[in-house]
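The values are calculated or read from the model by the stated rules, or taken from the named source; none is laboratory data. Keep in mind the model is a prediction, meaning the values are calculated, not measured. Here the Cβ positions follow ideal geometry from the backbone for every residue, glycine too, while neighbour counts run over all protein chains shown.
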Amino acid sequence: MLPDPSLSIVTTHILGVRVDATSYAQATGLVRTWAEAGESRTVCIANVHMLMTAYDDAAFRSVLQAADLVTPDGMPLVWTLRLMGYKDQGRVYGPTLTVKLLPRLAEAGIPVGFMGSSPDVIDKLQSRIKREYPRIKLGFTCSPPFRAMTSQEDKAIVEAINQSGIRVLFVGLGCPKQELWMHAHRGKVNAVMLGVGAAFDYLAGIKPQAPLWIQRIGMEWFYRLISEPRRLWKRYLVYNPRFMVAVIWELLNRKFASKR
């Protein structure tokens, strides 16, 4: 069988950090294809915080470079990709990607699991998924300790994941913890791993999600900031301005270089 050309990944870089020019259709197609083949893969969902963390940290940058897919989650990344020539680029947002994936995985009979957040969030998330996707095979849930896991705890979780038979694992440990965990367990966990961050809280109804119109104009960061100022002020008030200045400089350099 010839490979499906629609699943060919177009990889580019913003500030030297990998971001793929992809879509919901391609991302869901890739995850389903990898899951059906029983492959161990990693999917990172990049926003400004993740990109700037990788920009500052070469080791974390290599984690994203080694991922199987890096989607543009944040609107600033989407706008940057459009300015780089990917005119039709849209957002591939973690919570929405999760919601788009679940019915496709249920239809294909692909078992899924969720790891991260608190026991209360996991319980509420599990209840909603069973209610809204009754055909889904939910084979594994886990709320690991917020502290660093011991090697024995980690080994026990990996064994439980693999024994459950799931083929897609949604990971909600937050950036960069979830990306580092997925990278370290690629080839050990027999599933496609997606780092979906705050998707657990949104889908469980624990935290309010920004209205769609706020997401579309790229102001979700402000909505989240006023919701959780003490936790998120550094992420948005430090990383966002640095990103804007660095990206403008990079785009100007590209423009002048192309005229030489």
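Note on the range 1-109: enclosed strands (runs of 3 or more DSSP E) holding 1 or more residues that are touching a residue at least 12 places away in the same chain (Cβ under 8 Å), over 21 Å from residue 191 (Cα atoms) and of a type in the set (D, E, K, R) are 17-20.
Looking at the range 163-173, can you tell me whether even one residue there is loosely packed, with under 15 Cβ neighbours inside 10 Å and assigned by TED's automatic domain parsing to the domain that holds residue 32? For the range 163-173, residues loosely packed, with under 15 Cβ neighbours inside 10 Å and assigned by TED's automatic domain parsing to the domain that holds residue 32: present. Going by the structure shown, is residue 174 outside any helix (DSSP H, G or I), modelled with pLDDT under 95 and under 21 Å from residue 105 (Cα atoms)? Judged against the criteria, residue 174 is not a match.
Only a single criterion out of (1) assigned by TED's automatic domain parsing to the domain that holds residue 67; (2) at pLDDT 80 or above is not satisfied by residue 243, namely (1). Testing residue 250 on (1) modelled with pLDDT of 90 or more; (2) assigned by TED's automatic domain parsing to the domain that holds residue 117, one condition comes back false. Which one is that? Residue 250 satisfies every listed condition except (2). The single residue among 191, 210, 198 that is within 27 Å of residue 59 (Cα to Cα), modelled with pLDDT under 95, out of contact with any Pro (no Cβ under 6 Å at 6 or more places or on another chain) and surrounded by 14 or more Cβ atoms within 10 Å (Cβ to Cβ) turns out to be 198. A count restricted to the range 110-128 and to residues that are in a helix (DSSP H, G or I) and under 19 Å from the mean Cα position of the chain (by Cα) stands at 3. Are any residues in the range 49-66 touching a Gly at 6+ places or on another chain (Cβ under 8 Å) and of a type in the set (Asp, Glu), and if so, which ones? The answer is none; no residue qualifies.
Of all the criteria given as (1) touching a helix residue (DSSP H, G or I) at 6+ places or on another chain (Cβ under 7 Å); (2) closer than 21 Å to residue 74 by Cβ; (3) touching a residue at least 12 places away in the same chain (Cβ under 8 Å); (4) of a type outside the set (Lys, Arg), the one not satisfied by residue 191 is (2).
In summary, residue 205 fulfils each of the numbered conditions (1) in contact (Cβ under 8 Å) with a residue 40 or more places away in the chain; (2) surrounded by fewer than 17 Cβ atoms within 10 Å (Cβ to Cβ); (3) over 22 Å from residue 125 (Cβ atoms); (4) not β-branched (Val, Ile, Thr) with the single exception of condition (3).
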